[in-house]
Amino acid sequence: MKFSSKFLGWFVFLVMVIPFANGQPLVPALIIFGDSIVDVGNNNNLNTLIKANFPPYGRDFVTHRPTGRFCNGKLATDFTAEFLGFTTYPPPYLSQEAQGNILLTGVNFASAASGLSDTTAQLYNSISLTQQLRYYREYQTKIVNLVGKEKANPIFSGAIHLFSAGSSDFIQNYYINPLINRIYSPARFSDMLMNSYSTFVQNLYGLGVRRLGVTNLPPIGCLPAAITLYGAGSNQCVARLNQDATSYNTKLNSTSQSLVNKLPGLKLVVFDIYQPLLDMINSPSDSECDSLSREGLAVGTGTLETSVLCNSRSIGTCSNATNYVFWDGFHPSEAANKVLAGDLLVQGIDLIS
């Protein structure tokens with residue numbers, strides 16, 4: 001099975017790159033919503049502590065400078081853009097770069113510490129999902145002004161829209177917020193998030209979106225910060241947190257299928273990042289990434305690494321981040337992101353067919 005999956009991935013990749021000979025991407029644009037997993041610098045322009053605009057973030061990026069990505073280098077969505085044939089990455093919508101013709105190939109609305117629940121973003125002064133949707137409407141108006149409505153509509157319907165959210169809702173809101181976790185069980189909280197997710201997808205559909213990929217929750221009990229906070233001194237994944245993630249993921253699959261049944265012409269793919277990331281953590285060699293270490297981090301002290309604590313003076317910043325699954329307490333390294341992007345490539349083939 002491992003061989004066939006690897007072979008399929010390379011076969012799909014080779015088939016996909018054939019159209020690149022004429023310099024045309026596989027889809028007209030790539031649009032991104034979500035949280036810190038896909039934020040490429042929108043938070044740099046906000047009055048928030050949740051930023052990654054200082055070293056050692058970006059150390060291994062193409063510019064070797066921090067960009068606002070919560071990683072040492074490229075995000076999974078950066079690799080996805082490359083796989084799709086784009087020669088540039090969707091710029092952060094709040095940046096000076098996001099203007100003029102560059103908008104035609106897509107933008108990124110994601111904001112670290114945002115979530116499906118707007119209260120999550122409000123806790124950290126990041127861009128809520130509701131505001132990201134407002135920005136998207138504004139973006140559509142800009143595209144119409146650039147090329148006219150007749151040419152704009154195929155961009156909206158043909159573009160791949162990617163969405164990553166949910167982790168911050170649990171890790172940075174529910175688990176630490178007694179105003180919520182004393183009232184709602186994890187299952188009930190997941191139900192509330194599903195309502196927000198369903199509304200968001202239907203709003204996008206009403207705006208002409210027809211190709212949407214959404215990531216499920218990773219094994220949040222295996223995040224280094226979660227192990228530190230909730231592992232009771234152990235260095236093992238926290239089972240109850242992973243159970244919350246798998247329960248949420250089951251609901252996400254069910255809700256997504258209901259939306260597909262309800263909304264004609266919608267292509268909606270739920271990307272599984274839970275299992276691939278868990279495989280990298282537990283058995284790096286089995287996940288075709290032998291160099292990734294199950295233990296330790298690329299950045300920080302091994303206690304609580306976040307964008308606030310991680311800086312160029314942090315003790316323990318390693319010289320070779322390619323040996324680690326996690327770059328900080330919450331976010332995968334570029335090496336892990338590359339593996340994840342390969343899995344997403346195979347899973348998302350319906351979005352480009």
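Each reported figure results from applying straightforward, stated rules to the coordinates on display, with no laboratory input. Computed from a predicted structure; not experimentally measured. Note that we place each Cβ from the backbone using ideal geometry, even for glycine, and neighbour counts take in every protein chain shown.
Using a 10 Å cut-off on Cβ atoms, rank the peptides 97-106, 214-223, 79-88, 39-48 from the highest mean neighbour count down. Display every interim value, and only then the final one.
Numbers: 97-106: 16.5, 214-223: 24.1, 79-88: 18.6, 39-48: 21.6.
Answer by packing, highest mean first, reads 214-223, 39-48, 79-88, 97-106.
List the residues of region 105-128 whose backbone N lies under 20 Å from a point placed 7 Å from the Cα of Asn203 along the Cα-to-Cβ direction.
Hits in region 105-128 for Asn203 at 20 Å: 107-128.
For an R0 of 25 angstrom, estimate the FRET efficiency from the Cβ-Cβ distance between Asn323 and Ala239 and round to the nearest 0.05.
Numbers: r = 26 Å, r/R0 = 1.05.
According to the calculation, E is roughly 0.40.
Amide H neighbours of Ala165 under 5 Å, counting only residues 5+ apart in sequence or on other chains, H built in-plane at 1.01 Å?
Thr215
For region 224-262 and region 34-100, what is the separation of their C-alpha centers, rounded to whole Å?
25
Shape call for region 31-90 from the C-alpha gyration tensor, a ≥ b ≥ c root eigenvalues: rounded (a/c under 1.5), prolate (a/b greater than b/c) or oblate? Spell out each step's value before the answer.
Values: a/c = 2.30, a/b = 1.36, b/c = 1.69.
Oblate, since a/c reaches 1.5 and b/c is not below a/b.
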